[in-house]
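Undergrad: Pasting in a structure now, in C-alpha cells, and then I'll have a few things to ask.
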Amino acid sequence: MIEHRKPKFFYTDIIVIAILLVMLIALFPQQRGTALANDYILHEPIVVERADSTPDEPYVIEGYEIANPDGPGIQVRHVDYVVIRNNYIHDCGTKISEDIQEKITTGIGDARLATMDNPFDTGGIMVFNAKRVEISGNRVINNDYGIVVQQYGMRPEKVLIYDNTVEKNHRSHFISVYNADKVDIYDNHVADNGLGIFMDNIGLTEAFERGEDFGDGRSQGISINGSNHVRIFENTVINSSSDGIGVTNGELDFVEDIEIFNNTILKNGEQGIWIVSAINGQIYNNIVSENRHRVDEFGGSSGIMFEGKVFDFKVFDNDIGFNDAFGIYLISSSDNEIYNNDIHHNGDGAIGWGQQFYLEKGTSSDTVIQSNNISHNRIAALTVKTDLLGLVTVGNNVFTKNGGDPIHFEFYDDYDMTAHPEDWEYNETSVILRLENEEQIDQFNIGTNWVDEQQVTGTFNVEKKTQEEEDPVPEPYIPPKVEESTVEEPAVAEPTVEEQEVHPVSIDKETTNEDTRINEVLIIVGITVAVVAVGLLAFFLVRRRAH
C-alpha cells in the first residue's frame with residue numbers, strides 16, 4: 001500500500017495563506033467603510049415643492065454636499081413628511097450675507113439688515129409648511145442662515161432636529177423653529193455663529209425714543225418661536241452672537257410646556273437662556289456659564305432671563321456661573337421656583353428682579369428661592385431693580401462671600417472673568433439683599449438660611465440703594481423684536497422631474513470628494529499589497545514542492 005504523506009510544511013503553508021486571505025478580506029470592508037463615512041455626493045442646490053410623501057415613505061434628502069454662495073442649499077416647501085439627513089451644506093447664501101456686512105460697516109445700512117429677511121432666497125437647510133420634519137446628522141457650516149423650519153397658516157405635528165453640527169453661519173437663528181406644536185431639539189453642536197455686526201444698545205435706545213421698532217441683528221443659537229410642547233436637551237451651544245437658547249411667544253399670547261435640560265451653554269453674546277411670555281416650563285441640569293455682552297457695548301447678559309410674563313417655571317439643578325450680569329434675572333414674571341442650583345461668580349448678583357422700559361410694567365411675585373448654593377456673586381446675592389415686587393420666599397439656601405463691586409468681562413484685557421480668581425474673593429459679611437426701597441423688605445418671607453457658615457433665620461444683611469446713588473448695575477440688553485417674516489411666499493410650482501429624483505439615494509457612487517479619493521487610493525494599495533503577498537507565497541510554495 002502506498003502511503004500518501006502530506007508535503008513538508010503543508011499545515012504551515014495552509015495557515016499562512018489563510019491568515020493572508022483573512023487580512024485581504026478584512027482590509028477591503030474596513031477601508032471602504034471609512035470612505036463611505038466621510039463621503040457625500042456633490043449636488044446642485046435642491047429646491048422641492050409639493051412632492052408626494054406619506055408617514056411611512058417620507059420625502060428623503062440624504063448624502064449630498066451642496067455649496068451655493070448665491071442662494072439656498074436645501075429648501076423644501078409644502079411637502080408633508082420630510083427627512084433631511086447626513087448632508088454637508090456649506091457656503092450657501094454667503095454672497096448675500098457678505099453684501100449685508102459691507103453695507104453695515106460702510107454706513108449704507110444699519111444692523112436691521114442683519115435680521116432674517118427673504119428666507120426663500122438664501123440659507124442652509126430651510127423647510128416651509130410641512131406636517132412632520134426630521135433633520136439629523138447634517139453638517140451645516142458657513143451659510144447665511146443655518147437650519148430653519150417655518151410654517152405659514154399651519155402647525156406641524158412634529159419637528160425633530162438632532163445630531164447636527166451647525167457652525168460659523170451668519171444671520172438669523174442657527175437652529176430655528178417657528179409655529180409648531182411638538183418640537184424636540186437634541187444632541188446638536190451649535191458653535192461660533194453670527195455676523196458680529198449689530199445695532200448697539202445706545203443706538204437701539206435712541207431708535208425706540210424716536211418711535212422706531214426693529215430688531216438689531218442678534219441671533220440665538222437655538223430659537224423656538226410661537227411653539228408649544230418643546231424639549232431642548234443635550235445640546236452644546238457656544239459663542240452665538242446673541243442668546244444661546246431663546247424661547248419666545250411669536251404671535252401667541254403665551255407658549256407652554258417648555259423643557260430645557262442637560263445642555264451646555266457657554267460664552268454667548270447675550271443671555272444663556274432667554275424666555276419670553278411662556279407658561280409651565282422646566283429648566284434643569286444645564287451648565288450656563290460665561291454668557292456676556294459684547295466688547296464696547298453697555299448692558300449685561302445673564303445666565304437665565306425671564307423677560308416678561310413667564311409663569312409657573314421650575315429652575316433646578318443647574319450650574320450657573322461667571323455670567324456678566326445675573327445668574328437668573330426675572331422681569332415681570334411670577335409663580336416661579338428656583339431650587340437646588342449652584343449660582344456663583346456672576347458679575348451683578350445671583351438673582352435679580354427688574355423692568356424693561358419698552359415692556360408693559362408688571363409685578364414679579366410668588367418667587368420661591370430654596371436650597372440653592374449661592375456664592376461669590378458680586379454686589380449682592382439678591383438684587384431688586386424695580387418698585388413692582390410681590391412675595392419672595394427664601395429658605396434653606398447657603399450664601400457664601402456675596403457682595404463687593406461688580407465684575408464684568410470688559411474689565412480684563414483677556415476678556416475672561418474666570419481667569420482671575422483672586423478678584424472674586426470677598427472677605428466682608430455677605431450682602432444678601434439689595435433693594436430699591438426700605439418697604440420692599442416686607443415682601444420677603446425669609447426662613448432659615450446659612451450665611452458665611454452662620455445659620456440665620458428671619459433676616460438678612462440688607463443694602464438699600466439711595467436716591468443719589470448711581471446704580472452700578474447696567475441695564476440688561478435690549479432684545480430683538482421677534483416676529484414672523486413679512487415676506488410674501490412666492491407662487492408654488494409643481495416639482496420638475498429633476499426635483500423628484502431627490503428621493504432616498506445610495507452613497508456608494510463615484511464622487512470627487514477629496515477624502516473619498518484618498519480612501520479609494522488606500523483601498524487599491526492595500527488590495528495590491530495583499531494580492532502580491534499571496535502571489536509570492538504561492539510562487540515560493542510551488543518552487544519548494546518542485547524541489
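The numbers here are math on the coordinates, done by the rules we state, and not lab data. Remember, predicted model here, so these are calculated numbers, not experimental data. Using ideal geometry, Cβ is built from the backbone for each residue, glycine included, and neighbour counts are taken over all protein chains shown.
Undergrad: Where in segment 119-156 does the amide nitrogen come within less than 19 Å of the point 7 Å from the Cα of ASP99, taken along Cα to Cβ?
TA: Hits in segment 119-156 for ASP99 at 19 Å: 119-124, 143-146.
Undergrad: Please arrange HIS408, HIS173 by counting, for each residue, the other beta carbons lying within 10 Å of its beta carbon, fewest first.
TA: In increasing order of surrounding Cβ atoms, one gets HIS408, HIS173.
Undergrad: Can you tell me the length gained on complete extension of the stretch ASN373 to GLU438, counting 0.36 nm per residue apart and subtracting the Cα distance?
TA: So the extension gain works out to 20.8 nm.
Undergrad: Can you pull the three principal axis extents for the Cα set of segment 390-460, in Å, largest first?
TA: The Cα atoms of segment 390-460 stretch 42, 27, 17 Å along their principal axes.
Undergrad: Work through the residues other than ASN86 whose Cβ is under 12 Å from its Cβ and net out their charges, Lys, Arg +1 and Asp, Glu -1.
TA: Cβ neighbours under 12 Å give a net charge of -3.
Undergrad: What FRET efficiency, computed as 1/(1 + (r/R0)^6) with R0 = 22 Å and r the Cβ-Cβ distance, is obtained for VAL462 and ASN285, rounded to the nearest 0.05?
TA: 0.10
Undergrad: By count of other Cβ within 10 Å, fewest leading, how are ASP39, ASP243, ASP387 ordered?
TA: Exposure proxy ranking, most exposed first: ASP387, ASP39, ASP243.
Undergrad: Grab the other residues whose beta carbon is less than 14 angstrom from that of ASP319, score K and R as +1, D and E as -1, and report the net.
TA: For residues surrounding ASP319, the net value is -3.
Undergrad: Could you check the simple spin-label distance between THR418 and ARG155, using points 7 Å along Cα→Cβ, in nm with one decimal?
TA: With each label point 7 Å from Cα toward Cβ, the separation is 3.9 nm.
Undergrad: What pairs from LYS131/LYS361; LYS267/LYS401; LYS168/LYS401; LYS131/LYS267; LYS95/LYS309 go past 31 Å between their alpha carbons?
TA: Violating the 31 Å limit, Cα to Cα: LYS131/LYS361; LYS168/LYS401; LYS131/LYS267; LYS95/LYS309.
Undergrad: Under 11 Å from the Cβ of ASN280, count the other residues' Cβ atoms, weight Lys and Arg +1, Asp and Glu -1, and hand me the total.
TA: So the environment of ASN280 carries a net charge of -4.
Undergrad: Sticking with this structure for a sec: What is the spin-label model distance, in nm, from ASN427 to LEU42 if the labels are put 7 Å beyond Cα along the C-beta direction?
TA: Going from the ASN427 label point to the LEU42 one covers 6.7 nm.
Undergrad: What ranking do TRP450, TRP274, TRP424, TRP353 get, fewest neighbouring Cβ atoms within 10 angstrom at the top?
TA: Fewest-to-most ranking of TRP450, TRP274, TRP424, TRP353: TRP450, TRP424, TRP274, TRP353.
Undergrad: Only Cα pairs under 8 Å and at least 6 apart count here; give the relative contact order of segment 308-385 as a rounded whole percent.
TA: Worked out over segment 308-385, it gives 34 percent.
Undergrad: For THR363 and ASP70, what is the calculated FRET efficiency with R₀ set at 41 Å and r taken between the beta-carbons, to the nearest 0.05?
TA: E between THR363 and ASP70, to the nearest 0.05, is 0.20.
Undergrad: Here's another thing I want to ask about it. Between ASN445 and HIS229, what is the label-point separation in nm under the 7 Å Cα-to-beta-carbon projection?
TA: 3.4
Undergrad: Can you tell me the FRET efficiency between ASP257 and HIS189 if r is taken as the Cβ-Cβ distance and R0 is 35 Å, rounded to the nearest 0.05?
TA: Computed FRET efficiency for ASP257 and HIS189 comes out at 0.85.
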